[in-house]
Amino acid sequence: MEKEEILKEVKKRGTKFVDLQFVDILGVAKCTEIPIARLETALDEGIWFDGSSIEGFARIHESDMLLKPDSNTFSILPWTEGKVARIICDIHKDEKTPFEGDPRYILKKQLGKAKEMGFDFFVGPELEFFFFKENGTENKMEVHDKAGYFDLAPVDMSSEVKREVSLYLEEMGLKVEMLHHEVAPGQHEIDFRYGDALGIADSVMTYKHVVKTIAAKHGLFASFMPKPVFGINGSGMHTHQSLWKDGKNAFADESNEYKLSKEALFYISGIMEHARAFSAVTAPIVNSYKRLVPGYEAPVYICWARINRSALIRVPRDIKGKLSGIRIEVRCPDPSCNPYLAFSVMLASGLDGIREKKEPPKPVEENLYHFDDEKLRKFYIKTLPGSLGEALEEMEKDKVVGEALGEHVFSKFIEAKKGEWDEYRIQVTEWEKKKYFDVL
């Protein structure tokens, strides 16, 4: 929307406040709210704020930063009856200079590199989440229902909540395609249409905000934690992706068995080459690696396939005659990630594969969970890191991932995540107490 359209819309709706939203390097949504009287100034000049306390942003002696609203992201928050609007912002160091630690800037920069190679990058993430019952002031992590995959109401006790979320997402510009109960009790998914990577990263942040807000309205707690409950499936953010060139799908080739072009195969090779390193970004928390274990439909093995859901990369079946739908699905990301950074490192990895023109190994359609170590070696199959600590070690060695993030974000991200890993690994857990205390 243009500035005049936005000002006209807020006047018509009686809007009183505007949320200026942005995200830190860890993917945590942030916001400062302004009264409607300051909106025109914000659109023209931006709004200065103190970035010294934001994770990965400025140091105290250089804390003044500028929020530059992106008018394309303007939306009324529909549950506020028009009283509050939202605009997602870019972060600048001054009126003309983007801040190198802004995740949106990182993604824009990587999209620019793809453009230099003639490509546009499209993604379609699938975010899973859980609804938990609220228990007064203490959330005891009791899942909201006992339903399973594609169950319907009343077994799926959150059907109305998902419908309300979907309607609000539509009002905010997302095109919802499907909503359903997922495999685990209390687990759900609402899918929205793919699009350009920057717009979809914005949509991921919108999606999380709406899901959490509407859940709270219904007395529920929505969690995007990858593995909140032991013994059942965790939540992923499988990310469908493709490159387009001159308005055509550059991944499509009708003559290939998988309908994949050479560029697509090279891209797959790049993803496989850098997966162990970029997993620190796509699966960025300690808990992520409780999900990435065999047996719960989560990918552990670095290979590709069509029907094999134990593989890191899956090639969804094509609809005959519709080459525009050819794509790959990378299954290791989870919804705790920063979508701007996650899309950046996956794109950088795929583009590196295209530059190197390296063919991937043959696809593996067998169930990899049944492979022993000898068979994994036979097929040259590596595994994803088993912990955040291991992932960070791989990330530090990978130049492609480092260059994609830039020196500032790379160093700040590593620093923050090493602190998180160290804090976790020295904890004495309840499991340890129960296992060892009485017998040692």
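Compute the relative contact order of the range 3-99 as a whole-number percentage, counting only Cα pairs closer than 8 Å that sit 6 or more residues apart in sequence.
29 percent
Dimensions of the range 125-199 along principal axes (Cα, Å, largest first)?
The Cα atoms of the range 125-199 stretch 38, 28, 19 Å along their principal axes.
Mind checking Rg over Rh on the range 396-440, alpha carbons, Kirkwood formula for Rh? Spell out each step's value before the answer.
On the way: Rg = 17.2 Å, Rh = 13.0 Å.
Radius of gyration relative to Kirkwood radius: 1.32.
Through the Karplus equation 6.51 cos²θ - 1.76 cosθ + 1.60, θ set to phi - 60°, convert the phi angles of the range 244-253 into ³J(HN,Hα) values in whole Hz; use x for Gly and Pro.
Result, ordered by residue: 10, 9, 6, x, 10, 6, 6, 8, 9, 8 Hz.
Quick one: what do you get for the chain if you divide its Cα Rg by 2.2 N^0.38 Å?
Its radius of gyration relative to the 2.2 N^0.38 Å reference: 0.99.
Counting only C-alpha contacts under 8 Å and six or more residues apart, can you give the relative contact order of the chain as a whole percent?
Details: 856 pairs, mean separation 63.2, N = 440.
In percent, rounded to a whole number, it is 14.
Would you mind ranking M157, M178, M1 by Cβ crowding within 10 Å, fewest neighbours first?
Listing M157, M178, M1 from fewest to most nearby Cβ atoms yields M178, M1, M157.
Restricting the calculation to Cα positions, tell me the Rg (one decimal) and the Dmax (whole number) of the range 182-292 in Å.
Every Cα atom of the range 182-292 included, Rg and Dmax give 17.4, 53 Å.
As an exercise, take the mean of 1/r over every pair of distinct alpha carbons in the range 3-99, invert it, and state the Kirkwood radius in angstroms.
Evaluated on the range 3-99, it is 13.8 Å.
Read-outs: derived from the displayed coordinates by stated rules, not from any lab. Quick caveat, the model's predicted, so the values are computed rather than measured. Because the Cβ atoms are built from the backbone with ideal geometry, glycine has one as well, and the counts that use them run over all protein chains shown.
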